[in-house]
Structures are given as C-alpha cells and as structure tokens.
Amino acid sequence: MGQSTETTDWVSRFADEVIEESERRAPGKPVVVASGLSPSGPIHLGNLREVMTPHLVADEIRRRGRQVRHLISWDDYDRYRKVPQGIAGVDKSWAEHIGKPLTSVPAPHGSAHPNWAEHFKAAMVESLAELGVEFDGISQTAQYTTGVYREQILHAVRHRGDIDAILDQYRTKKAPAKQQQKPLDEAELEAAEGSGAAAEDDGSSGTAGYFPYKPYCGNCEKDLTTVTSYVDDSTELSYTCTACGFAETVRLNEFNRGKLVWKVDWPMRWAYEGVVFEPSGVDHSSPGSSFQVGGQIVGIFGGKQPIGPMYAFVGISGMAKMSSSKGGVPTPGDALKIMEPQILRWLYARRRPNQSFKIAFDQEIQRLYDEWDKLDAKVAEGSALPADVAAHSRAVGTAGGELPRTPRPLPYRTLASVADITAGEAEQALRILSELDPENPIAALDEARPRYDKAEAWINNHVPADQRTIVREEPDTDLLKSLDEASQQSLRLLLDGLAEHWSLDGLTHLVYGVPKVQAGFAADATPKELPPEIKTAQRTFFALLYHLLVGRDTGPRLPTLLLAVGQDRVRALLGE
Ligand SMILES: [Zn+2]
C-alpha cells in the first residue's frame, strides 16, 4: 500500500485543499475530481496532463483512506470537426460526417471498434490501465441520448436569458470594431477562435433568440441546425437543418438527440456531478474562456466552480521526424512503448501543474532514466529529499499497490546499446547482458523486461539510421597499418587486459586505465593525481577504438560496446 506523504509536495497540498472544500460542499460524501477528453482523433500525449493532474490528487486522497471518484468525461457527443490527417484506414470520404456526433462517425477501416470515438477512446483506456489510473468513465453520448440531463437541459432553456446575459458580458469585451457582414463559416470560426471545444458556437446563432441547446438533425445527424421557435409551456421546439433542409418540431421534455452548447454543458456537469477539482489547460484560461464563464453559469444550476488550476503545456522532443506516418500525433501509448509507466508518472508527479516540461523521445530519454535510477537508489538507501521521495512514491504505485516493476532494472542506455548492436537477436542480447555483472548474472531476458523491450522499441523507432551502431565486419587494415607506436601500445594494453576485465565494471576500469598506464601512472589513479593531458589521451584512445570497432568517432559507451561485440570479434577488429 502506498503511504500518504503529507504536505510534502504539490499533490499533497491540493489534496488538503480539495478535501477541505469537498467537506464544506458535501460533508461525508466521496470527493469528486474530473477530467474531460475528446476522442476526436488520437488523444495527444500532451493531453495526458488533463488526466494525470486529478489522478495524482485523487490517489493522494485515496491514500489517506478517503473515498474519491475520478470522473473521466468522454466528450464523445461533441461534433466531428475535421478529418485528422495521416490516420491509417481513413480517407477524404470521412469529411461527409463532419457535424455528426463523434459516436455516429464510422471507425477507421479495419478497426475492431463500433465508431470513431470508441476507436480512439480504446487506445487511451489501455494506456490509462498501464499507468495505474483508476477512473469512472462517463460517455456523454450515453448521458445525453438516454435523457440523463433532461432536467438540466430544461432548466438551462428556462434560464436562457440569464445565460445569455452572462455570455454577453464577454461578447462585448471582445467585440471587434467591424461588424460581421455574414455569418462565419466553419473554417473561419475555427481560425478565429482556435480549436477544441472552446471554439464551439455558444448558442447565439439561432433565429429564435439565444438558445443554449443544439439538436442533431433527425435526418442527417449533423448539428448544422437552427432552432426556429420554442414554446416554454409545452417545450415544443422547431428546428431546420441547413445541411439537408430537414425540419421538425419536437418536445424538448422527451427529446434525446441534442446537447447543451459547450460553455453551458461544462458547468452543468460540474453541478450535476458535484466536481470539486478539475484542472484545465492554459487555452481555457483567457478572459471569456469556458472555465471562467462556467464559473458564473454554474450558479444557475445551483452548483459551484471546481478548484481548477491551469496546467502548463507539455512538450515532446524528438518525435517530429518519426511520426509522420501516424498523423504526427504522439499518444500516451507511444510514450509507453519506450518508457515504463513509472517514468511517465514521475514526469507528471515531480512538476507542479503550472510548470511546463518535455517528454523525450530523443537521446534525452537515456539521461532521464539515469536520473530516475539514481533517485530510485537514493530512496532505497533513505537519502532522498522529502519532495523527491513523494514524487518517487507517486511514480512507482498508487493507493492500490505498486505497479509491476522490471525485476533487474539494468541501465536503460546499456539496454538500448545492446538492442542496437544485436539488432533484436535475443540470444546474443542475453549473452551480453549476462556478462555485465558476472558475479550476479541475469539468467533470462525476462528479468530485464519490460525495460529491455522499451529500450529496444526506442532504438528501433526513434534513433535515426545514421546514429545506429553498425559493428565492422572486417578489421580496418589501412587504419591498423598506419598507427604509430603509442597507439599500437595502447591497443596491446587493452587486448592483454580483456579476458580478466570482461564485465561492465572491469572494462570501464580497463578503458580508462590504459591511457593512464601508458603515461606512467597507476590504472586506478584518481583524477586529482593526474595531469589534465590524460583526458585528451583518453579521448584520443576512445576515438581510435570507435573507429576500429564501428567506423565512426563515437558510439555507445565503450564497455557496453566491447561486451556487445564479444571478445573474439574485438580481438579480430583490433588487429590481434
Ligand atoms: Zn440534416
């Protein structure tokens, strides 16, 4: 069981605040936190913060023995806005579905899922399970089409004048000097207001005055409808569809095919679910944003605005080149292919929501893993700082228990080098890995999994071809012949020591020791005992070895490279 880490980090401080506020609003009831995700396409890795921020707070509350619900609202009843580019199994013909609910759009060809929203939701659900995120998923399609929000919808429509008045304060603030001559079309609307739910029509486009509810057309299913009249007493609503010309009159008190406009929908759900904590992205933070306007509209539904920190942007490094085949969108699933869930959790836990950070798909991931392993060791020996211990504890598990760990977490950069050099040859990889630590060798590749698989996936998918390591087939005889006396001697010293130093530590000692011995010092002399020229000699020696082994100036760390190449081949390539 995870331990509570009282007030040592940002998560604890939010948990304090959220519990206190929940007790004030609904004493004795489970705490409710929420996230919203729109399955309009592959869910971007950057959007994971929308889930991880409330998850970490909910998990801390759970660790304290309190009941908490983390709602994930799947905004799958939102309109299909555009056909994302580069999605396998999707062509231009999907454009004909623009304007329908996401759950009414067909899934990409070959998908096992019944519709567009379910297809993209499924990948996210899988990643959240791997990350240990416990949540209650709520499909807004299911809620709306079964009439769950009937009272709320009728209430919003009855109070549409009040809602309009609130929205109007913001409309006048940003009113442009020029009058619009014609209504904006779809593309212009998106360009003017940015993308996402915030760009939605706020309900002021109807001919029957302001109306906060939009029917999906009974004929073509699109939301290009205009409410033409509404009778309060009978709830009779008439609309026409500008897409297909269909018109009908329905009774809103029994009609289930439409939704509240976004700026009303969101605060309605805060009130309906009693949400106490729901962070949102910086794009929702401007004046007139849905979060700010929602804070006023929620009162109409008898609710209160949640505690809602703005979270900063999460960037991705090193993905751009690699992703064009998949629509250019890295997903949490892509990150989990190259890093263990603990690492991804740690990235979110250690930074306050208002701090931005990057998730590395490039060489930086190796440094990140080094840093993680160092922290892991410090925590194990009890020397880490309290805030670091807290972040570590949130990374390795939840209130429900620890996430599965790699039994032998060998250094990621070593695993990556081994996967690189062996090109996926499992037997050879095991041979090399078992030689890393001959005193306590690993007996099966599974002991190094899943970390080994992640490092292998990283090498195969994110390291450009010109940075991959290709061990020479034949010795570079020209180079060997051209070597001066000193270089030849350095190779001799290395070859003579190979057999007795054949382990990761041994070879590290050997490759750094050769230039020292050559200069007349002991192999284990410390930097303080050595002249600075030794550093230059070491660099020159290493470059020579890289040239002879892989035909380049640089490569994976030499001890790993030597182990990976194997003793016989090393001897042959170094001219023995
Ligand atoms: Zn229609």
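The values are calculated or read from the model by the stated rules, or taken from the named source; none is laboratory data. Just so it is clear, the structure is predicted and the values come from calculations on it, not from any experiment. Please note: Cβ atoms are built from the backbone with ideal geometry, for glycine as well, and neighbour counts cover all protein chains shown. What goes into the accessible areas is simple: the full protein's heavy atoms, side chains included, and nothing from ligands, DNA or RNA. Shrake-Rupley method; radii C 1.70, N 1.55, O 1.52, S 1.80 Å.
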- Message: I'd like the carbon and sulfur percentage of the solvent accessible area for the chain, probe radius 1.4 Å, heavy atoms only, ligands and nucleic acids excluded.
- Response: 51
- Task: Enumerate the amide H contacts of ALA107 below 5 Å, restricted to partners 5 or more residues apart or on another chain; note that Pro and chain-start residues carry no placed amide H.
- Result: ASN115, TRP116
- Hey, if you drop one equal point scatterer on each alpha-carbon of the chain and run the Debye formula without solvent, what base-10 log of I(q)/I(0) do you get at q = 0.07, 0.08, 0.12 Å⁻¹? -0.56, -0.68, -1.16
- Query: By accessible area of protein heavy atoms, probe 1.4 Å, what ranking do GLU364, GLU278 get, highest first?
  - Reply: GLU364, GLU278
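Per residue, what accessible area does the chain have, given a 1.4 Å probe and all protein chains present, in Å²? Show your work: numbers first, answer last.
Details: 26240 Å² over 576 residues.
Computed with neighbouring chains in place, this is 46 Å² per residue.
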- Magnitude of the charge dipole, the chain, Cβ model with Lys/Arg +1 and Asp/Glu -1, debye to 20: 1160
- Message: Just to confirm the number: angle between the C-alpha axis of helix 504-518 and the first principal axis of the chain, 0 to 90 degrees, nearest 10?
- Response: 50
- Normalised per residue, the volume of the convex hull around the Cα set of region 477-573 (Å³): 96
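I'd like the antiparallel share, as a percent to the nearest 5, of DSSP beta bridges with both residues in the chain. Spell out each step's value before the answer.
Details: 17 of 36 bridges.
Taking every DSSP beta bridge with both residues in the chain, the antiparallel ones total about 45 percent.
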- Query: Where does the chain land at 222 nm, in deg cm²/dmol rounded to the nearest 500, when only DSSP H runs of n ≥ 4 count, each adding -39500 (n - 2.57), divided by all residues?
  - Reply: -13500 deg cm²/dmol
- Taking Cα atoms, the helix 426-436 axis meets the longest principal axis of the chain at an angle in degrees (rounded to 10) of 60
- For region 284-401, calculate the relative contact order in percent as a whole number, restricting contacts to Cα pairs under 8 Å that are 6 or more residues apart. 28
- Item | Sequence-separation-based contact order of region 64-129, relative, with Cα cut under 8 Å and 6+ spacing, percent | 25
- Using Cα centres only, tell me the gap between region 39-90 and region 469-493 in whole Å. 55
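Please tell me the relative contact order of the chain in percent, rounded to the nearest whole number, where contacts are Cα pairs under 8 Å and at least six residues apart. Can you show the working numbers first?
Working: 892 pairs, mean separation 74.2, N = 576.
It rounds to 13 percent for the chain.
What order do SER139, SER356 take when sorted by accessible area (1.4 Å probe), most exposed first? Before the final figure, lay out each step's value.
Numbers: SER139 30, SER356 75 Å².
Of SER139, SER356, the descending order of accessible area is SER356, SER139.
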- Message: As a test question: what accessible area, to the nearest 10 Å², does TYR210 have when a 1.4 Å probe is rolled over all protein chains in place?
- Response: 20
- Scan around LYS259 for amide H atoms under 5 Å from its own, H built in the peptide plane at 1.01 Å from N, and keep only partners 5 or more places away or cross-chain. LYS214, TYR216
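Are there any GluC sites (Glu not before Pro) in region 387-478 that are in a DSSP loop and have at most 14 other Cβ atoms within 10 Å? List them by number.
Loop-located and lightly packed - GLU425, GLU439, GLU473.
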- Task: Enter the angle in degrees (range 0 to 90, nearest 10) between the Cα long axis of helix 533-550 and the first principal axis of the Cα atoms of the chain, meaning the one along which they spread out most.
- Result: 80
